[in-house]
Amino acid sequence: MAITDVAEKLLVPPSGGTFAALASSIRRHRLASVGLIVIVVLCLLALLAPLIAPFDPYHQDLYAVLSPPSAQHWLGTDNLGRDLLSRILYGARVSLMTGLLCTFLAAAIGVPIGLLAGYTGGAMDAILMRVTDAFLCFPPLIFILAMSAALGPGLSNVILSFALFGWTGFARIVRGQALLVRELPFIEAARATGVSRFRIMWRHVFPNTLAPIIVAISITVGGAILVESGISFLGLGVQPPTASWGKELRVGFTYLEVVPLFSLAPGLMISLAVLGFNFLGDGLRDALDPRLNGFDR
């Protein structure tokens with residue numbers, strides 16, 4: 001075994017305590033616990049939608065259009081006679097999948113950029129951060145609307161647009177952490193033993209930036225769900241007959257006085273999802289902030 005490999009094993013700081021602190025803080029943080037429960041329940045509803053949905057979400061019963069809640073249709077039916085509860089359960093799949101996919105694509109772009117900028121510094125840092133600032137100048141919603149006008153409405157355009165602009169937050173967070181970590185003694189020791197720059201970044205610097213990345217992911221997922229719902233509400237997201245919370249909210253808004261649950265039910269699901277991820281992110285932030293550790297929330 002090379003001397004650099006031996007040195008690396010001795011120089012890497014322990015990381016198990018971070019995840020133990022996360023679990024402990026979530027248990028102690030009431031809002032974070034509630035957020036985690038909400039997220040788990042919503043994910044289970046989305047995964048088990050084919051098993052628990054009482055009807056086919058695309059089946060139309062034109063004799064039961066806009067019917068109120070009943071023993072057969074717990075939340076009533078929509079304007080085409082489709083079961084609203086089934087539509088909401090299947091809509092959870094689209095909204096949650098979009099939020100997670102948008103966030104992880106944005107993180108996949110922003111984390112390497114921020115890590116490279118923060119660790120290398122100098123001209124590379126200046127160039128990458130100016131590019132990041134340039135992207136921050138464009139309003140993401142306006143860009144999504146422009147892409148939809150140019151390429152046509154669709155969920156793929158929403159995901160692509162969010163990823164193209166959502167990475168900037170991850171890049172700035174990781175850069176800030178990398179600027180701190182690169183000056184720590186164990187990084188200096190790794191350089192002294194001859195470890196390559198690439199290996200130091202991914203074996204030593206990157207693991208020490210995971211905590212704020214996890215918090216940012218949790219909060220960004222909620223924001224991505226809100227963006228997808230807003231775009232679908234405008235009719236530029238998923239297209240009929242696919243179910244999504246934002247699209248159900250848009251159609252139900254027309255019949256708000258006749259069937260209130262047509263809009264209230266998907267709106268409540270959007271609110272629960274966004275609040276759940278935000279509560280979880282708040283709890284994770286408390287777990288990783290040394291000024292707040294040890295205080296019950």
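Read-outs throughout are calculated quantities, based only on the coordinates presented, and are distinct from any laboratory measurement. Computed from a predicted structure; not experimentally measured. Here the Cβ is made from the backbone with ideal geometry for all residues, glycine too, and neighbour counts use every protein chain on show.
What value, in deg cm²/dmol to 500, does the helix sum -39500 (n - 2.57) over DSSP H runs of n ≥ 4 give at 222 nm once divided by the residues of the chain?
When only DSSP H runs of four or more count, the value is -23500 deg cm²/dmol.
What size of dipole, in debye to the nearest 20, comes out for segment 176-297 about its Cα centre when the only charges are +1 on Lys and Arg C-beta atoms and -1 on Asp and Glu C-beta atoms?
Roughly 560 debye for segment 176-297.
Any chance you could run the full-extension gain for Ala134 through Ala192? It's 0.36 nm times the residue separation minus the Cα-Cα distance, nm to one decimal.
17.2 nm
Along segment 173-188, what does the Karplus equation 6.51 cos²θ - 1.76 cosθ + 1.60 (θ = phi - 60°) give for ³J(HN,Hα), rounded to whole Hz, x for Gly and Pro?
Each residue's phi maps through the Karplus curve to give 5, 5, 4, x, 5, 5, 4, 6, 5, 5, 9, 6, x, 5, 6, 4 Hz.
Counting only residues 5 or more places away or on other chains, whose amide H sits under 5 Å from the amide H of Thr77 once H atoms are built in the peptide plane?
Residues meeting the amide H criterion: Leu66, Ser67, Leu84.
With unit charges on the beta carbons (Lys and Arg positive, Asp and Glu negative) and the dipole taken about the Cα centre of the chain, which residue among Gly252, Ala126, Leu145 sits farthest to the positive side?
Projecting each Cα onto the dipole axis, the largest value belongs to Ala126.
Name the residue, out of His204, His29, His59, whose mean-square fluctuation peaks in a Gaussian network model built on the chain with Cα pairs under 10 Å.
Sorting by GNM fluctuation, first place goes to His59.
Length gain on complete extension for the stretch Leu268 to Ser156, per 0.36 nm per residue less the alpha carbon to alpha carbon distance?
Result: 37.8 nm gained on full extension.
Obtain the nm distance between the two label points defined at Trp74 and Gln60 by a simple spin-label model: each point lies 7 Å from its Cα along the Cα-to-C-beta direction.
2.6 nm
For segment 16-288, give the magnitude of the charge dipole about the Cα centre (Cβ charges: +1 Lys/Arg, -1 Asp/Glu; no others), in debye to the nearest 20.
In total the dipole reaches around 880 debye.
Taking θ = phi - 60°, what integer Hz values does the Karplus form 6.51 cos²θ - 1.76 cosθ + 1.60 yield along segment 115-132, in sequence order, with x for Gly and Pro?
5, 5, 5, x, 7, 6, x, x, 5, 4, 4, 4, 5, 5, 6, 5, 5, 4
Which of these values of percent of Cα pairs over 32 Å apart was calculated from the structure shown: (1) 39; (2) 23; (3) 29?
(1)
Based on DSSP loop calls and a cut-off of at most 15 other Cβ atoms within 10 Å, the longest stretch of the chain free of exposed GluC sites (Glu not before Pro) is what?
1-182
Starting from the eigenvalues of the Cα gyration tensor, five times each then square-rooted, give me the equivalent ellipsoid semi-axes of segment 146-279, largest first, whole Å.
Computed over segment 146-279, the values are 43, 17, 9 Å.
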